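**Q** Structure incoming, see below.
The values are calculated or read from the model by the stated rules, or taken from the named source; none is laboratory data. All values reported here derive from a predicted model rather than from experimental measurement. Please note: Cβ atoms are built from the backbone with ideal geometry, for glycine as well, and neighbour counts cover all protein chains shown.
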Ligand code: TRP
């Protein structure tokens with residue numbers, strides 16, 4: 001091809017932080033705590049970890065492997081590994097899925113920008129404010145949320161324009177480090193509130209009476225979403241990784257960081273919600289749904305000492321986490337446009353911005369002026385959230401596993417895992433991963449998925 005040589009990540013640390021940055025995002029800070037809250041706390045956490053190890057880690061290893069061996073965007077990588085086959089269209093659908101996720105992700109990213117701005121003016125210091133009403137009037141207004149959605153998308157595009165090393169890798173290094181430091185500060189604040197220990201107990205002492213089939217589905221969906229697997233993000237980043245890296249170790253680290261971060265984010269939020277509820281003598285509502293972070297937490301911040309500072313730190317963390325993820329989603333689409341439509345990086349970013357911006361505007365409007373407009377009974381935002389998280393990602397993960405397990409030869413799979421024998425990984429471990437990918441992951445995903453569709 002006439003393309004310039006592809007960029008690569010500059011260092012192992014940079015690569016790990018960029019990939020962890022993709023994984024760590026709104027999924028951890030915004031979605032994980034309330035999903036945990038809705039599904040019975042610690043019991044959900046246990047099932048989540050089980051899903052992670054048995055299904056998601058093998059899928060991630062395969063997506064990583066396909067990206068590195070294929071060496072290109074999802075469409076081209078499949079084509080390189082299985083020339084002329086229909087598999088590349090799976091790659092194409094992965095690119096579409098990324099664009100769909102980015103389109104609703106940037107709406108919530110926009111909310112985080114707005115709440116960060118508000119926290120600077122100490123908007124969350126009045127315990128009497130009706131934060132639920134404030135939130136719904138903000139997301140329902142016809143103009144403001146669109147502006148923030150586009151600001152967020154613009155910030156994402158500004159990073160991507162600088163390319164893999166100077167844009168993605170450099171920003172991930174800075175942002176993830178800052179993110180980690182500030183979230184730890186918020187955790188300290190949360191845990192030192194009187195009554196916080198009840199929230200910790202809720203997170204770590206399992207109550208199995210709350211576990212149903214839905215819990216398992218919720219845990220799988222959450223794990224796919226949180227690890228950024230199933231739609232070509234890991235694949236695209238992996239195509240920038242050198243052949244020297246250890247795929248298995250990298251995937252394990254990324255999953256580990258992501259899970260630890262989700263737990264830390266939970267510890268920043270849930271004990272604080274418990275403590276303030278306890279102080280007011282009401283039931284803590286940690287299953288408050290998507291409003292947990294934008295409604296419950298501002299109320300919590302307004303009632304705790306140093307709450308104003310905690311609010312600034314928290315919403316900064318939320319925005320940074322969202323950006324390191326949205327850049328990975330945008331990069332999937334941008335890499336596809338650069339390599340398949342032969343445009344420059346700048347043009348590719350502008351095209352992606354326009355496409356996702358338009359869809360994003362519709363997603364955002366579905367909380368206000370377009371509230372009554374339904375696709376298959378769902379608002380535009382919920383529709384994109386539903387078809388991506390519950391359908392495209394699990395099916396994408398299933399197909400990735402089937403491709404890696406059945407289409408790539410076993411020898412090639414093992415060869416790639418061990419970097420042609422240069423890495424001394426025990427053979428039983430490689431074979432375990434291979435068989436998890438070949439049998440366990442596809443069967444488990446299909447069973448859970450069918451259960452979800454049929455119920
Ligand atoms: N994992 C990110 C989060 O937790 C979101 C994300 C980025 C994502 N890339 C993805 C989700 C690819 C699914 C697929 O917020």
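**Q** Just to confirm my filter: which helices (runs of 4 or more DSSP H) fall fully inside region 204-293 and include at least 2 residues that are more than 11 Å from the ligand (Cβ to nearest atom), modelled with pLDDT of 90 or more and out of contact with any strand residue (DSSP E or B) (no Cβ under 9 Å at 6 or more places or on another chain)?
**A** It comes to 247-280.
**Q** All but one of (1) free of Cβ contacts under 8 Å to residues at least 40 places away in the same chain; (2) within 16 Å of the ligand (Cβ to nearest atom) hold for residue 201; state the number of the condition that does not hold.
**A** (2)
**Q** On to the next question. Please verify whether residue 438 is away from the ligand (no atom under 16 Å from the Cβ), over 27 Å from residue 89 (Cβ atoms) and under 27 Å from the mean Cα position of the chain (by Cα), treating the condition exactly as stated.
**A** When the stated conditions are applied, residue 438 does not pass them.
**Q** Which one of 421, 377 is within 16 Å of residue 248 (Cα to Cα), without any contact (Cβ under 8 Å) to a residue 40 or more places away in the chain and over 22 Å from the mean Cα position of the chain (by Cα)?
**A** The unique qualifying residue is 421.
**Q** Still on this structure, please answer the following. Looking at residue 14, is it more than 18 Å from the chain's Cα centre (by Cα), under 23 Å from residue 224 (Cα atoms), away from the ligand (no atom under 16 Å from the Cβ) and surrounded by fewer than 22 Cβ atoms within 10 Å (Cβ to Cβ)?
**A** yes
**Q** While we're on this one: Give me the residue from region 26-72 that is part of a loop (DSSP other than H, G, I, E, B) and farther than 30 Å from residue 291 by Cβ and, out of that set, farthest from the ligand (Cβ to nearest atom).
**A** Of everything passing the filter in region 26-72, 71 is farthest from the ligand (Cβ to nearest atom).
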